[in-house]
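Data block below; observations after.
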Amino acid sequence: MSTSVATPFIDFASIKKQVTFRQALALLDLASSSFNEDKQEHRLPCPRCNAGGDRAIVISEEKQSFACYAEDVQPRPSGDVIAFVAHIKNISMYQAAKLLNEAFSDGGSTEPKAKANKGFDAEKFASELDTSDEALAKFGLAPSVQDEVPWIGVIQKGHHKGKLAIPLRGGFGEFQFFAFSAEALYVPKQWRV
């Protein structure tokens, strides 16, 4: 029985403060087709969508946000620098944050700041989950689910022993809380065994 190591914590808020869109553009080897000095906006083609011409993506340095107008899809791809990298590389927000963290780490800690009045340590809890292929298969989950949903696993002790712990994250990928399930849930096709 193999047990996988829990996915390391990455501080999304810290990355968004440290990494600018100009740095992300350089990392992705992309160049603006135009830059509006007054609006502090970049315009460029979308290499992922391959549609919309050379002004498909709008990046606002002032607002530290982007939107892709390459295709008429709703919701429109948009967000912060992490969401931008995720969109361009077609990877998860976690993978994009990890890429930016590795490329632009200033040597500071990426560990979550301790909460003085909170006793729950989410990272410690996640490290104690059974993330083995066998444990996840009992809930109909393939091992690949861990790539998209870090910290998912089966609780091994306490009142909720044997339940699936599902980390719920906010709109920018930051950890919010765990939900528990005693039985299999609806599982998207790409995560099924």
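Each row is one residue, and each column tells you yes or no for (1) closer than 30 Å to Asp130 by Cα; (2) surrounded by 15 or more Cβ atoms within 10 Å (Cβ to Cβ).
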| position | (1), (2) |
| --- | --- |
| Phe12 | yes, yes |
| Ile15 | yes, yes |
| Phe21 | no, yes |
| Ala26 | no, no |
| Leu30 | no, yes |
| Asp80 | no, yes |
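For every residue, the table says whether it meets (1) under 25 Å from Ala96 (Cβ atoms); (2) in contact with a helix residue (DSSP H, G or I) (Cβ under 6 Å, 6 or more places away or on another chain); (3) of a type in the set (A, V, I, L, M, F, W, C); (4) not assigned by TED's automatic domain parsing to the domain that holds Ser92.
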residue: Leu129; (1), (2), (3), (4): yes, no, yes, yes
residue: Ser132; (1), (2), (3), (4): no, no, no, yes
residue: Ala137; (1), (2), (3), (4): no, no, yes, yes
residue: Asp147; (1), (2), (3), (4): yes, no, no, yes
residue: Ile155; (1), (2), (3), (4): no, no, yes, yes
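Considered as a group, the residues in region 137-168 that are outside any loop (DSSP other than H, G, I, E, B) and free of Cβ contacts under 8 Å to residues at least 40 places away in the same chain include one that is surrounded by the fewest Cβ atoms within 10 Å (Cβ to Cβ), and that residue is Leu168.
For (1) of a type outside the set (Val, Ile, Thr); (2) part of a loop (DSSP other than H, G, I, E, B); (3) within 17 Å of the chain's Cα centre (by Cα), each residue gets a yes or a no:
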residue: Pro8; (1), (2), (3): yes, yes, yes
residue: Ser14; (1), (2), (3): yes, no, yes
residue: Arg22; (1), (2), (3): yes, no, no
residue: His42; (1), (2), (3): yes, no, no
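Of the residues making up region 85-106, one or more are assigned to a loop (DSSP other than H, G, I, E, B), surrounded by fewer than 20 Cβ atoms within 10 Å (Cβ to Cβ) and modelled with pLDDT under 90. The number of residues in region 68-90 that are out of contact with any helix residue (DSSP H, G or I) (no Cβ under 7 Å at 6 or more places or on another chain), of a type in the set (A, V, I, L, M) and within 22 Å of Asn101 (Cα to Cα) comes to 1.
The values are calculated or read from the model by the stated rules, or taken from the named source; none is laboratory data. The structure presented is a predicted model; accordingly, all values stated were derived computationally and were not measured. All Cβ positions, glycine included, derive from the backbone under ideal geometry; neighbour counts span all protein chains shown.
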